Amino acid sequence: MDESKKIFYENVIPSINNKTVNIKFKDSNDLILDEKKNAEINFAKKLNNFSFLIVTSFLLFIIFSLYKIYFDSNKKKNIYKKVTPIDRGKILDRNGEIIATNINTQDLYIDTRKVLDNYDLKKKLREIFPDKNNFFFDKIFDKKHYIRIKQHLTEKEINELRKIGDPAIQFHKSVKRIYLHHNLFSHLTGFKSSTITSKVEKNLNNLLEEGNDLNLSVDLRVQSIVHEELSKSLKKYDANSAVTIIVDVNNGEILSLVSLPDFDPNHPSNIKAFTENNLATEARYEMGSTLKIFNAALAFENNLDVENKNFKIHDGYQITSDKLIEDKHIKKDQINFEEIFTKSSNVGSIELIEEIGIKKQQNFLHKLGFDEKINLHGLNIVNNKLPDNWDDLASKFISYGYGISISPISLVSAYSSLVNGGFKIEPSIILNSTQSKTKILNEKTSNKVNNLLKKIVTSGTGKKAKVNGLEVGGKTGTSRKLEDGKYSEKKVITSFIGTFPINKPKYIAFVLFDEPSRNTEEFLENFGGNTAAPTFSRIVGKISPILNKNNYLKNY
Amino acid sequence: MKIFILSIVLISIFVTKFIVTNQLNEIKKLQNEISTIDKEIEKLKTDYSYLTSPKNLKNMNETNIKFGPIEQDDIIKLGD
């Protein structure tokens with residue numbers, strides 16, 4: 001072995017190196033940890049980028065949304081409607097004339113803590129509100145409080161109050177429902193006060209509350225004429241009450257409905273109970289002879305061979321052991337089919353229904369809807385009262401208009417089917433709300449009924465219903481009222497139901513008077529022709545030029 | 001870079017918010033004006049409806065103009 005190459009480690013002096021180097025000794029575990037750490041760092045970086053993207057996108061979305069609001073608000077013209085409080089909808093007539101609307105008013109409040117001169121303010125308030133007594137003001141000024149004195153001040157009252165200049169006087173904005181035509185539409189609109197609502201205001205409250213205007217089918221001009229003429233007649237005949245309904249026979253729209261007495265819906269506290277009932281829909285009457293025309297329609301519809309028959313009336317008709325029905329107003333021994341209606345014969349009507357039969361009468365009146373409840377949106381309707389036991393006797397009573405109580409609106413509805421070509425219609429007070437019509441009678445029946453109605457006016461009991469320049473047809477009616485279980489001689493109901501123009505009926509007008517004063521020497525059967533018929537004539541004479549479509553005002 | 005982008009975005013938000021708020025205020029102002037005018041129009045319509053109601057027109061006619069409906073006698077036949 002070469003000795004020179006041998007190194008003696010004892011003699012080696014290690015060189016001094018100030019630099020120290022940390023030498024990491026890595027084993028396999030460390031390498032695994034290192035890899036994990038790198039993976040975490042990479043994940044964190046990705047997360048960071050992702051978060052940045054999310055935040056930036058969110059902020060950009062905010063910018064986009066703000067711009068969207070900006071541009072949308074420029075486009076939407078009606079956006080303000082959503083933010084302003086909704087006023088209750090108006091009630092309008094068929095031509096857009098305002099019947100009921102809300103107006104802004106002011107209420108008077110007094111802050112008694114701020115009064116400058118109690119005595120002076122009390123004195124001036126008493127002068128402005130003479131209807132309020134001393135006790136009222138003494139009670140108000142007794143305490144220190146903030147209290148309402150009066151709702152819905154008039155312009156004059158506001159001016160007077162402002163002149164006082166006392167800091168205790170405060171005004172608050174308020175809204176009042178007003179009815180521009182006072183009594184004219186009271187039985188349709190009803191009224192709305194802070195506590196009570198009635199009729200259309202009540203039954204269609206939701207629709208109005210949402211701010212929708214409501215177009216009624218009535219015409220202000222027609223309603224005004226009808227109200228005026230009916231009021232004059234009510235006074236002239238000294239009747240308890242009166243009703244008029246005018247209906248378009250082709251779609252059932254009610255153009256006018258007046259029930260007297262009526263009320264002013266602007267002053268709900270002054271309304272008396274007996275004026276509040278709408279007698280056209282909420283009352284029912286035994287109509288008397290106006291129902292006789294249904295016997296004729298029944299005969300025409302069933303093609304019965306009765307039109308050439310004669311009916312003996314001279315001896316009357318013993319309907320019950322103690323009741324003899326007579327036609328004293330007819331100076332003839334026997335009459336033909338047409339004369340039963342033109343002369344309004346009770347005996348003839350009974351004999352005719354004997355020929356026709358109970359079942360056919362029952363089915364016919366059922367088909368015309370006498371036993372159905374009319375659904376007139378917005379108004380309350382009373383049910384008709386038909387006989388519980390529809391026997392031979394009941395059938396004979398019904399033939400001349402007794403033993404069956406019906407509401408005027410129900411009669412008008414059934415009559416419409418007789419004259420309009422045989423279509424069943426639903427009466428309506430809402431414009432353009434009519435439903436499809438159902439054919440229930442032959443057109444031939446309708447034409448024959450119209451001819452008969454025309455003859456009643458030209459040569460029968462309805463002569464006083466004639467209208468200058470217009471051909472009309474109709475049937476008079478007079479019925480005795482029940483009083484203590486007996487039919488009264490004095491208390492009667494008179495009516496006339498007519499249609500025009502008779503060659504192609506478009507409208508029905510019904511007039512009824514309850515207990516008009518009667519000259520007892522006058523034949524009862526002529527009474528309807530002397531009261532309701534002339535009223536019909538005056539009303540139709542005035543409204544027919546307006547109802548002509550060409551004269552209608554266009555919407556403005 | 002990210003901070004720069006975020007700053008730009010944030011500034012854009014504030015600018016946009018400022019523009020939109022101004023615009024909405026303007027709209028509110030216009031809405032109030034429209035609402036006031038609408039109410040005024042409604043009031044005038046109501047006044048007009050009241051003044052031109054058949055009852056008032058009838059009174060005005062009776063006191064001032066005295067128009068009446070055409071009667072049959074007013075129509076002259078061609079032969080007359």
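Quick note: the coordinates plus some simple rules give every number you see, no bench work behind them. Just so we're clear, the structure is a prediction, and the values are computed from it rather than from any experiment. Neighbour counts are summed over all protein chains in view; Cβ atoms, including those assigned to glycine, are modelled from backbone coordinates with ideal geometry.
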Exercise for the section: Calculate I(q)/I(0) for region A:276-383 by the Debye formula, one identical point scatterer on each C-alpha and no solvent, and give its log10 at q = 0.15 Å⁻¹ to two decimals. Expected result: -0.75
Exercise for the section: Express the relative contact order of chain A as a whole percentage, based on alpha carbon pairs under 8 Å and six or more residues apart in sequence. Expected result: 14
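Apply the membrane-span-like helix rule to chain A: whole DSSP H runs, Cα extent along the own long axis of at least 27 Å, mean Kyte-Doolittle hydropathy at least -1.0. List the helices found. Intermediate values should be presented prior to the final figure.
Numbers: long enough: A:28-75 (70 Å, 0.25); A:524-547 (34 Å, 0.34).
For chain A, where a helix must reach 27 Å along its axis and average at least -1.0, the hits are A:28-75, A:524-547.
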Handout entry: Of A:Tyr109, A:Ser433, A:Phe71, farthest towards positive along the dipole that unit charges on Lys, Arg, Asp, Glu beta carbons give the protein assembly as shown
Key = A:Phe71
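Evaluated at 4 °C with a viscosity of 1.567 mPa s, what Stokes-Einstein diffusion coefficient in µm²/s does region A:123-220 have when Rh comes from the Kirkwood expression over alpha-carbon pairs?
On the way: Rh = 16.8 Å.
Roughly 77 µm²/s, to the nearest whole number.
Quote the relative contact order of region A:250-344 in percent (integer), defining contacts as alpha-carbon pairs under 8 Å separated by 6+ residues.
Values: 65 pairs, mean separation 19.4, N = 95.
Reported relative contact order: 20 percent.
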Handout entry: Cα-projected label distance for B:Ile5 with A:Tyr109, points at 7 Å along beta-carbon direction, nm
Key = 5.7
Practice task
Treat every Asp and Glu Cβ in the protein assembly as shown as -1 and every Lys and Arg Cβ as +1, leave all other atoms uncharged, and give the resulting dipole magnitude about the Cα centre to the nearest 20 debye.
Solution key: 1900
Practice task
Would you mind pulling out the separation of the Cα centroids of region A:103-128 and region A:138-200, in Å?
Solution key: 14
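In debye, nearest 20: dipole of region A:327-466 around its Cα centre with unit charges on the Cβ of K, R (+) and D, E (-)? Before the final figure, lay out the partial values.
Values: 20 positive and 14 negative charges, 133 e Å.
Once rounded to the nearest 20, the dipole reads 640 debye.
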Completion exercise
Quotient of Cα radius of gyration and Kirkwood radius for region B:4-55, i.e. Rg/Rh, equals 1.54
Handout entry: Normalised alpha carbon radius of gyration of region A:202-334 [divisor 2.2 N^0.38 Å]
Key = 1.55
Handout entry: Links that overshoot a 30 Å alpha carbon limit, given the list A:Lys312/A:Lys490; A:Lys202/B:Lys39; A:Lys455/B:Lys66; A:Lys163/B:Lys66; A:Lys124/A:Lys144; A:Lys235/A:Lys464
Key = A:Lys455/B:Lys66; A:Lys163/B:Lys66
Practice task
Return the tail of the calculated pair distribution for region A:370-409, meaning the percent of Cα-Cα pairs more than 12 Å apart.
Solution key: 61
Completion exercise
Ordered by fewest other Cβ atoms within 10 Å, a rough proxy for footprinting exposure, A:Tyr179, A:Tyr487, A:Tyr415 read A:Tyr487, A:Tyr179, A:Tyr415
Problem - For region A:85-152: span of alpha carbons on each principal axis (Å, largest first) - result: 54, 27, 17
Exercise for the section: Convert 37 °C to kelvin, take the viscosity as 0.692 mPa s, use the Kirkwood radius over C-alpha pairs of the protein assembly as shown as Rh, and evaluate the Stokes-Einstein diffusion coefficient in µm²/s, rounded to a whole number. Expected result: 105
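Treating only the Cβ atoms of Lys and Arg (+1) and Asp and Glu (-1) as charged, compute the dipole magnitude of region A:272-372 about its Cα centre; round to the nearest 20 debye. Can you show the working numbers first?
Working: 13 positive and 18 negative charges, 32 e Å.
Charge dipole, region A:272-372, about its Cα centre: 160 debye, nearest 20.
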Practice task
Would you mind getting me the FRET efficiency between A:Glu40 and B:Val15? Use the beta-carbon distance for r and R0 = 45 Å, nearest 0.05.
Solution key: 0.70
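Taking 2.2 N^0.38 Å as the expected size of a compact globular protein, what ratio does the Cα radius of gyration of region A:343-463 give against it, to two decimals? Before the final figure, lay out each step's value.
Values: Rg = 15.5 Å, N = 121, 2.2 N^0.38 = 13.6 Å.
Expressed relative to 2.2 N^0.38 Å, the Cα Rg reads 1.14.
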Handout entry: Computed over region A:400-465: relative contact order in percent, which uses C-alpha pairs under 8 Å that are six or more apart
Key = 26
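Scaled to the compact-protein estimate 2.2 N^0.38 Å, what is the alpha-carbon radius of gyration of region A:209-261, rounded to two decimal places? Can you show the working numbers first?
Values: Rg = 13.7 Å, N = 53, 2.2 N^0.38 = 9.9 Å.
Dividing the Cα radius of gyration by 2.2 N^0.38 Å gives 1.38.
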Practice task
Would you mind checking region B:10-34 for residues with the amide N under 15 Å from a putative spin-label position 7 Å along Cα→C-beta of A:Tyr67?
Solution key: B:10-20
Problem - Dipole axis of the protein assembly as shown (+1 Lys, Arg; -1 Asp, Glu on Cβ), positive-most option in A:Asn203, A:Asn302, A:Gln362 - result: A:Asn203
